[in-house]
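Q: Here's a structure for you.
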Ligand code: F3S
């Protein structure tokens with residue numbers, strides 16, 4: 001591959017990976033078994049800088065003409081556009097054209113388009129994830145792959161695309177056993193009642209440990225949604241890539257196994273006081289009028305959609321409130337087939353898939369807010385700490401309210417945060 005026998009694209013990919021390995025002093029290349037990647041072909045193929053210039057359109061075209069395809073099962077999430085709602089969301093048509101072009105090119109290279117930030121909910125990883133070397137993008141998914149599923153991945157970027165093309169990756173970071181053991185011991189002495197509490201915990205600990213590997217003790221029988229919220233929040237408050245929950249996650253049967261042989265850098269006890277401290281950053285005034293309610297970050301599974309439908313009880317969302325329920329297109333289809341979507345639509349809510357406010361180039365979305373400095377989403381409520389965290393800087397939210405799903409739904413109905 002390095003000698004160019006598989007064409008220019010594969011050669012450039014391998015040159016990049018070799019350089020990456022040299023920088024991180026990797027001892028060897030390893031085989032990867034799965035890739036979850038992001039593609040931005042329309043940017044890459046016109047790129048001129050040192051990295052994206054590697055992917056000039058002539059190189060991509062030559063690869064496609066020669067039948068180059070990815071070497072491992074690869075899902076890619078081109079994740080900006082809701083194709084069912086792009087006009088209503090005022091997504092510029094050029095973005096939609098770029099999106100379709102990107103999807104077409106990536107599909108020709110053998111990748112499967114799965115526009116979601118929670119791919120593990122809807123597709124297996126082809127091989128059993130435990131102990132499997134993979135490459136991945138999307139911070140909340142990376143942490144979930146590593147900690148909850150026991151797969152091995154770094155925080156990748158364009159390197160994930162190159163690894164998918166070659167099937168190889170330099171052995172460094174979280175692909176090495178000793179880097180996966182915990183270095184902070186966290187004693188949780190508070191009952192975590194909902195995924196919002198897991199989000200508060202993750203945000204706080206992420207802030208404290210930064211890029212560390214926290215080991216949580218005292219967490220009992222979390223749901224998948226709880227672990228998703230914890231994964232997402234740890235990589236929002238900090239840049240955590242790996243964590244352990246003793247007795248729950250696969251590399252932490254005991255606290256000793258999770259910590260390895262080294263002494264933790266710190267022992268931290270979490271009580272309701274610490275969670276309350278984080279919560280207060282996202283607890284706007286009671287009685288404020290609401291404009292926007294966002295649920296499903298990371299994307300909801302069909303279980304959360306079912307619970308939400310039960311909470312709606314055939315009532316209506318307040319006329320002045322925009323309600324977004326976010327999920328992947330497959331789950332949206334399922335919700336439409338079994339009637340849950342109808343209940344949400346009849347209440348006045350919308351199911352958004354393939355994008356979210358943080359990545360959407362339309363309205364409301366970070367891209368739109370950048371282009372229109374006068375715009376604001378207004379007062380926003382959410383059951384996700386990640387959305388709450390980005391609401392002010394990216395969406396120009398005036399006030400942000402964080403609460404469990406039921407509280408958000410009740411507020412969406414009354415139009416008032418209580
Ligand atoms: Fe997914 Fe957007 Fe949240 S990408 S994790 S819904 S910020």
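The values are calculated or read from the model by the stated rules, or taken from the named source; none is laboratory data. In this text, all values refer to a predicted model and were calculated from it rather than measured experimentally. No Cβ is skipped: glycine too gets one built from the backbone with ideal geometry, and neighbour counts run over all protein chains shown.
Q: Identify the single condition in (1) touching a residue at least 60 places away in the same chain (Cβ under 8 Å); (2) part of a loop (DSSP other than H, G, I, E, B); (3) within 27 Å of residue 36 (Cβ to Cβ) that residue 201 does not satisfy, given that it satisfies every other one.
A: Only one criterion in (1) touching a residue at least 60 places away in the same chain (Cβ under 8 Å); (2) part of a loop (DSSP other than H, G, I, E, B); (3) within 27 Å of residue 36 (Cβ to Cβ) is unmet by residue 201, namely (2).
Q: Restricting attention to the stretch 309-355, which residues are assigned to a strand (DSSP E or B), in contact with a helix residue (DSSP H, G or I) (Cβ under 8 Å, 6 or more places away or on another chain) and within 14 Å of the ligand (Cβ to nearest atom)?
A: 325, 327, 351
Q: Moving on to the next point. Residues of the stretch 69-96 being within 19 Å of residue 369 (Cβ to Cβ), touching a strand residue (DSSP E or B) at 6+ places or on another chain (Cβ under 7 Å) and buried (at least 22 other Cβ atoms within 10 Å of the Cβ), which ones?
A: Matches in the stretch 69-96: 82 only.
Q: Now for a separate question. Kindly provide the set of residues from the stretch 310-329 that are surrounded by fewer than 22 Cβ atoms within 10 Å (Cβ to Cβ) and more than 16 Å from residue 381 (Cα to Cα), ordered by number.
A: 310, 311, 312, 313, 314, 315, 316, 329, listed by residue number.
Q: For the stretch 133-152, which residues satisfy the criterion of being within 11 Å of the ligand (Cβ to nearest atom) and either part of a strand (DSSP E or B) or touching a helix residue (DSSP H, G or I) at 6+ places or on another chain (Cβ under 6 Å) (or both)?
A: Within the stretch 133-152, 137, 139, 140, 143, 144 qualify.
Q: Output the number of residues of the stretch 369-383 satisfying the condition of being assigned to a helix (DSSP H, G or I) and either away from the ligand (no atom under 15 Å from the Cβ) or under 15 Å from residue 282 (Cα atoms) (or both).
A: Qualifying residue count, the stretch 369-383: 2.
Q: Against the condition within 16 Å of the ligand (Cβ to nearest atom), touching a helix residue (DSSP H, G or I) at 6+ places or on another chain (Cβ under 8 Å) and not in a loop (DSSP other than H, G, I, E, B), how does residue 358 come out, does it pass? Full working, then the answer.
A: Working: within 16 Å of the ligand (Cβ to nearest atom): yes; touching a helix residue (DSSP H, G or I) at 6+ places or on another chain (Cβ under 8 Å): yes; not in a loop (DSSP other than H, G, I, E, B): no.
Against the criterion (within 16 Å of the ligand (Cβ to nearest atom), touching a helix residue (DSSP H, G or I) at 6+ places or on another chain (Cβ under 8 Å) and not in a loop (DSSP other than H, G, I, E, B)), residue 358 does not qualify.
Q: OK, next. Please verify whether residue 295 is assigned to a helix (DSSP H, G or I) and either in contact (Cβ under 8 Å) with a residue 60 or more places away in the chain or closer than 30 Å to residue 379 by Cα (or both), treating the condition exactly as stated.
A: The answer is no for residue 295.
Q: Any idea which of 386, 363 is closer than 14 Å to residue 295 by Cβ and either assigned to a loop (DSSP other than H, G, I, E, B) or within 14 Å of the ligand (Cβ to nearest atom) (or both)?
A: On the way: 363 fails: closer than 14 Å to residue 295 by Cβ.
Step by step, each of 386, 363 is checked, and only 386 is closer than 14 Å to residue 295 by Cβ and either assigned to a loop (DSSP other than H, G, I, E, B) or within 14 Å of the ligand (Cβ to nearest atom) (or both).
Q: Tell me the residue from 206, 212 that is outside any helix (DSSP H, G or I) and over 16 Å from residue 193 (Cβ atoms), please.
A: None of the others qualify; the one that does is 212.
Q: Same structure, new question: Please determine whether any residue of the stretch 404-414 is within 26 Å of residue 124 (Cα to Cα), under 23 Å from the mean Cα position of the chain (by Cα), in contact (Cβ under 8 Å) with a residue 24 or more places away in the chain and within 16 Å of the ligand (Cβ to nearest atom).
A: no
Q: Which of (1) more than 22 Å from residue 226 (Cα to Cα); (2) free of Cβ contacts under 8 Å to residues at least 40 places away in the same chain; (3) more than 16 Å from the ligand (Cβ to nearest atom); (4) surrounded by fewer than 19 Cβ atoms within 10 Å (Cβ to Cβ) does residue 289 not meet, given it meets every other one?
A: (2)
Q: For the structure I just gave you, tell me whether residue 211 is at pLDDT 95 or above and farther than 21 Å from residue 190 by Cβ.
A: Yes.
Let's see how each residue does on (1) in a helix (DSSP H, G or I); (2) within 18 Å of residue 191 (Cα to Cα); (3) touching a helix residue (DSSP H, G or I) at 6+ places or on another chain (Cβ under 9 Å); (4) modelled with pLDDT of 95 or more:
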site: 216; (1), (2), (3), (4): no, yes, yes, yes
site: 225; (1), (2), (3), (4): yes, yes, yes, yes
site: 230; (1), (2), (3), (4): yes, yes, yes, yes
site: 250; (1), (2), (3), (4): no, no, yes, yes
site: 257; (1), (2), (3), (4): yes, no, no, yes
site: 263; (1), (2), (3), (4): no, no, no, no
site: 275; (1), (2), (3), (4): yes, yes, yes, yes
